[in-house]
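Asker: Before we start, here is the structure in question, set down as structure tokens.
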Amino acid sequence: EDKVVQSPLSLVVHEGDTVTLNCSYEVTNFRSLLWYKQEKKAPTFLFMLTSSGIEKKSGRLSSILDKKELFSILNITATQTGDSAVYLCASRPSRETSGSRLTFGEGTQLTVNP
Amino acid sequence: DGGITQSPKYLFRKEGQNVTLSCEQNLNHDAMYWYRQDPGQGLRLIYYSQIVNDFQKGDIAEGYSVSREKKESFPLTVTSAQKNPTAFYLCASSRTSGDYNEQFFGPGTRLTVL
């Protein structure tokens, strides 16, 4: 059974801090890893990582995948109160196995205080 | 505007009643998915469909049913057999081909069983 584990489950920081969110996975026929941000309702897509060691960056957010260690991190620098959300990590298997279905981790609840 | 719509936003039902949640997308995506989210937890896959007139069970399909008669629509019925139906239900869709086939989510339906 595919498994995705995120840590920490909850994190409280002050504006301006840098945070690192962790995601480890055990997936048969791994294809890619995705990060989403959920602020109350619909998760919104952040990154998809397929290749090991290549950092994806979008503004203050960045993410990297380590396929050898089965691990990904999401970094947020100079955090703002608007970054407060649940961050979800999900793995996707190869299309030959289970199509496009994702396995999600429990999520990390990030709270950024002013 | 392209996107995914879910209705209703909030739904209340009495124990023992079936209820159907609507999900429509105009993104021309082949695949559609239903997830359930409980407080403090990640998303768990209920059912998914890769193509019209075909669907597969996810990890927690018991007590739920779906249909996929049209590409744009993937309604979910929560039956009276579902033991703990109170939850937040999210619908998603994605392409099935290419590398960039991340899932896009609707705004969700919060179901409360009284």
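Read-outs: derived from the displayed coordinates by stated rules, not from any lab. Nothing here was measured: the structure is a model prediction, and the numbers come from that model. Heads up, the Cβs are rebuilt from the backbone with ideal geometry, glycines too, and the neighbour counts pull from every protein chain shown.
Asker: Between B:GLY63, B:GLY40, B:GLY16, where does the largest GNM mean-square fluctuation fall for chain B, given springs only between Cα atoms within less than 10 Å?
Answerer: In the Gaussian network model the winner is B:GLY40.
Asker: So how strong a dipole does chain B carry about its Cα centre when Lys and Arg Cβ are +1 and Asp and Glu Cβ are -1, to the nearest 20 debye? Before the final figure, lay out each step's value.
Answerer: On the way: 12 positive and 12 negative charges, 83 e Å.
My answer is approximately 400 debye.
Asker: Rounded to the nearest 0.05, what FRET efficiency is calculated for A:THR77 and B:SER22 with R0 set to 41 Å and r the Cβ-Cβ distance?
Answerer: Details: r = 40 Å, r/R0 = 0.98.
Efficiency at R0 = 41 Å is approximately 0.55.
Asker: Something else about it: For A:VAL5, what charge total do you get from the other residues with a beta carbon under 14 Å from its beta carbon, if Lys and Arg give +1 and Asp and Glu give -1? Before the final figure, lay out the partial values.
Answerer: Numbers: positive: A:LYS3; negative: A:GLU1, A:ASP2, A:GLU26, A:GLU69, A:GLU106.
Computed value for this residue: -4.
Asker: Could you sort out which of A:LYS3/B:LYS71; B:LYS14/B:LYS57; A:LYS67/B:LYS57; B:LYS57/B:LYS83 sit more than 23 Å apart by Cα distance in this structure? Walk me through the numbers on the way to the answer.
Answerer: Details: A:LYS3/B:LYS71 30 Å; B:LYS14/B:LYS57 26 Å; A:LYS67/B:LYS57 28 Å; B:LYS57/B:LYS83 17 Å.
Those over the limit are A:LYS3/B:LYS71; B:LYS14/B:LYS57; A:LYS67/B:LYS57.
Asker: Please give the average number of partner chain Cβ atoms lying within 10 Å of the Cβ of each residue in A:82-91, rounded to a whole number. Don't jump to the answer; show the numbers that get you there.
Answerer: Details: counts 0, 0, 0, 0, 4, 0, 3, 1, 4, 0.
Other-chain Cβ atoms within 10 Å of each residue's Cβ, averaged: 1.
Asker: Would you work out the relative contact order for chain B, in percent, from Cα pairs under 8 angstrom that are 6 or more residues apart? Could you put the intermediate results ahead of the total?
Answerer: Numbers: 291 pairs, mean separation 39.3, N = 114.
For chain B, the relative contact order is 34 percent.
Asker: So, one more: What nm distance separates the two modelled labels at B:ARG44 and A:THR20, each placed 7 Å from Cα along Cα→Cβ?
Answerer: Taking the two extended label points, one gets 3.2 nm.
Asker: For the stretch B:14-114, which trypsin sites (Lys or Arg not before Pro) are in a loop by DSSP, counting at most 13 other Cβ atoms within 10 Å?
Answerer: Passing sites in the stretch B:14-114 are B:LYS14, B:LYS83.
Asker: Now for a separate question. In debye to the nearest 20, how big a dipole does chain A give about its Cα centre with +1 on each Lys and Arg Cβ and -1 on each Asp and Glu Cβ?
Answerer: Numbers: 13 positive and 12 negative charges, 82 e Å.
That gives a dipole near 400 debye.
Asker: So, one more: Let me confirm one metric for peptide A:33-43, namely the mean number of other chain beta-carbon atoms within 10 Å of its residues' beta-carbons.
Answerer: Details: counts 0, 2, 1, 5, 0, 6, 0, 3, 9, 11, 10.
The per-residue average across the peptide is 4.
Asker: Quick one: dipole size for the protein assembly as shown, taken about the Cα centre, charges +1 on Lys/Arg Cβ and -1 on Asp/Glu Cβ, in debye to the nearest 20.
Answerer: Here the size comes out at about 360 debye.
Asker: Compute the signed sum of charges (Lys and Arg +1, Asp and Glu -1) over the other residues within less than 13 Å, Cβ to Cβ, of A:GLU106. Present the calculation step by step, with values, prior to reporting the outcome.
Answerer: Details: positive: A:LYS3, B:ARG44; negative: B:ASP38.
Residues close to A:GLU106 contribute a combined charge of +1.
Asker: Along the charge dipole of the protein assembly as shown, Cβ charges K/R +1 and D/E -1, which of A:GLN109, A:THR18, A:GLY53 sits furthest on the positive end?
Answerer: Going by the Cα projections, it comes out as A:GLN109.
Asker: Summing Lys, Arg as +1 and Asp, Glu as -1, what charge do residues with Cβ under 12 Å from the Cβ of A:THR18 carry, A:THR18 excluded?
Answerer: Numbers: positive: A:ARG60; negative: A:GLU15, A:ASP17, A:ASP83.
Once positives and negatives cancel, what remains is -2.
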